[in-house]
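Inspection log for the structure reproduced underneath, given as structure tokens.
The values are calculated or read from the model by the stated rules, or taken from the named source; none is laboratory data. Note that the coordinates shown come from a computational prediction; the quantities given were computed from them, not determined experimentally. For neighbour counting, all protein chains shown are included, and Cβ atoms are generated from backbone atoms with ideal geometry for every residue, glycine included. What goes into the accessible areas is simple: the full protein's heavy atoms, side chains included, and nothing from ligands, DNA or RNA. Shrake-Rupley method; radii C 1.70, N 1.55, O 1.52, S 1.80 Å.
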Amino acid sequence: MSQRFNNSTEYVRQRNLPTIPINPLIRLFEVILMKRECYINDLWELVGHETVSSRDDTRDKMDHAIEWLLKRLVALNVLAFGEHMGMQILPDSLKIIRMPKIIIGVLKNNLEKRTILVYGNLDVEEALIEDGWVTDPFVMTEVGNFLYGRGVALDKGPLMCWLNAIQAYRDAGLCLPINIVFVIESMAHSGSLGLQDVLQQRISFFREVSCVVIATRRWQNNITPCIVYGSRGLVYYNLEVECANRSLSSCEHCGTLYEALPDLFYLLSALVDCEMHILFEDSMETFQIDRNVFRFTEFNYQEFGHCLDVQDLPHKAQKQAALAENWIAPHLSIHGIEGGNTESSARFIIPHKVIGKFSISMPPNQNSEQITNALQQHLGDMWVRRGSPNKMKLCEKLVVPPWSGSCDTPEYQAAFRAMTHTYQLNPNFIRDGGALLAPSVIQHCLKKNVLVLPIARNDCGGSPVNERISVPNYLMGTQLITAFMWEYAKRSVESPRN
């Protein structure tokens, strides 16, 4: 790994960097490339903390990661502390445990400069070797030109890009052009529990914030970067069917009762047709958007299908129709069934209770009450038609409201120029097909414009298994953040606050 330097002056002297650059961004980009090994080593340390928020047995590892990050922030002159989040009741065991702290950090060197809120998260999704990982998901491994590990592309990698960018300004002997307030939670993959409460209770830290910037998600392809200016909302449901008070055996009890699993299959199949069109009314209203946005977006739909090795594509393989379905149209996805036999061996159990898990993505002009009421009506009608004596219950498990950013603002203009500097390409402006809870919560609480800057290319981040990011992609993510800070300071001077 590269040598660490005590201060920026020593670093500049030993690296023979020019003291008066023609363009400060050139100097910053050079510093970032020179510190490649330092940045990789820091990410390796952070990935090594098993920060799975959905498991209570890893909370001590989460605490260690929070302390590690607090020390790193303090070393960058960030006034940072951990805010207690209260207690959490685990849904399965009803066990009460303490939630991990949320980090709030303030880096202000000039009250005249604009202040941005940077949101990030330390927690990651579950990752097990038996799921098909080729490497230990919590030991970051460099294979060829890629870094493999849980969180390298969507969680911990983008978070480290912010810290790397601040360090790059120091190493280059440049003053940070903006002020930053950090909010870093560790429950993002568990419904962001407690985030709204902290934002409301600590509102004094955010009064001077002019916008919110989040580095997450991924590009729509591997060539063209993108800026996310909104996303659909989402409602996650559990559909439960129960036929008895205990599970039985088909060897002894088949034909003697109405089984739960066929009922569940019937109900799930009544939600969407083979073209994935939703089959109940009041859920098909599409958000209106300028269709020229789809036409000018760089996206190769055929290449997308080829990379996934799919046999055929819906929407007659038309790019504009596919983007519309992904960005603004309602969509229903079925995620799995709990209670059925998932083992590879032959077992003859008749499950007494099964739960179908599915979600509905909703455009900005819809709300969860509208979707749930229409769904309840449809399932009730289908259940009457089915005529089953079993018990059926629909539960709303999670609601993520939609959000939208305002693109004609200094922060979006700065993001556009920063991406042009970094990637030498004009980025796409896109609405994200997924549901992002943090932007919705922050926008609702603080009433600030939200900007999402994806760092990972399409083939790098977001994969449940073997998550990876290329080394150049990681380094350019840091360059993007440094360029955004610089450009936002310039745009703010040109468009002063009222």
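Which of the residues belonging to the stretch 429-452 are open to solvent by less than 10 Å² (accessible area, probe 1.4 Å), within 21 Å of N300 (Cα to Cα) and either among the charged types (D, E, K, R) or modelled with pLDDT of 90 or more (or both)?
R431
Which residues, taken from the stretch 381-400, are open to solvent by less than 30 Å² (accessible area, probe 1.4 Å) and modelled with pLDDT of 95 or more?
Within the stretch 381-400, M382, S388, N390 qualify.
Report, by residue number, each residue of the stretch 289-314 that is open to solvent by 40 Å² or more (accessible area, probe 1.4 Å), at pLDDT 70 or above and either aromatic (F, W, Y) or not in a loop (DSSP other than H, G, I, E, B) (or both).
Hits for the stretch 289-314 are Q302, E303, F304, H306, C307, L308.
Mind listing whichever residues of the stretch 376-421 are part of a helix (DSSP H, G or I), closer than 21 Å to K353 by Cα and touching a Leu at 6+ places or on another chain (Cβ under 8 Å)?
Q376, L379, M382, W383, R386
Got a sec? Which of M140, M87, M99 is within 16 Å of W68 (Cβ to Cβ) and aliphatic (A, V, I, L, M)?
M140
Would you pick out the residues in the stretch 329-364 that are farther than 20 Å from V272 by Cβ and under 22 Å from the mean Cα position of the chain (by Cα)?
Passing the criteria: only P364.
What is the residue count in the stretch 319-372 for residues that are open to solvent by less than 60 Å² (accessible area, probe 1.4 Å), charged (D, E, K, R) and not in a strand (DSSP E or B)?
1
What's the total number of residues in the stretch 301-348 that are of a type in the set (K, R) and over 29 Å from L264 (Cα atoms)?
The qualifying residues number 2.
Considering every residue within the stretch 117-126, establish whether at least one is open to solvent by 20 Å² or more (accessible area, probe 1.4 Å) and closer than 21 Å to V47 by Cα.
Among the residues of the stretch 117-126, at least one is open to solvent by 20 Å² or more (accessible area, probe 1.4 Å) and closer than 21 Å to V47 by Cα, which makes the answer yes.
Residues are listed down the side, and each one gets a yes or a no for (1) in contact with a helix residue (DSSP H, G or I) (Cβ under 6 Å, 6 or more places away or on another chain); (2) among the β-branched types (V, I, T); (3) within 26 Å of E411 (Cβ to Cβ):
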position	(1), (2), (3)
V106	no, yes, yes
E112	no, no, yes
I116	no, yes, yes
N121	yes, no, yes
E126	no, no, no
W133	no, no, no
P137	no, no, no
E142	no, no, no
N145	yes, no, no
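Report yes if some residue within the stretch 131-149 is in a helix (DSSP H, G or I) and more than 24 Å from Q479 (Cβ to Cβ); otherwise report no.
Checking the stretch 131-149: at least one residue is in a helix (DSSP H, G or I) and more than 24 Å from Q479 (Cβ to Cβ).
Regarding G173, is this residue small (G, A, S), buried (at least 16 other Cβ atoms within 10 Å of the Cβ), part of a loop (DSSP other than H, G, I, E, B) and over 19 Å from the mean Cα position of the chain (by Cα)?
Taking the combined requirement at face value, the residue satisfies it.
Each row is one residue, and each column tells you yes or no for (1) assigned to a loop (DSSP other than H, G, I, E, B); (2) within 20 Å of the chain's Cα centre (by Cα); (3) over 25 Å from V400 (Cβ atoms).
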site	(1), (2), (3)
V213	no, yes, no
Q220	yes, yes, no
N238	no, no, no
E252	no, no, yes
T256	yes, no, yes
P262	no, no, yes
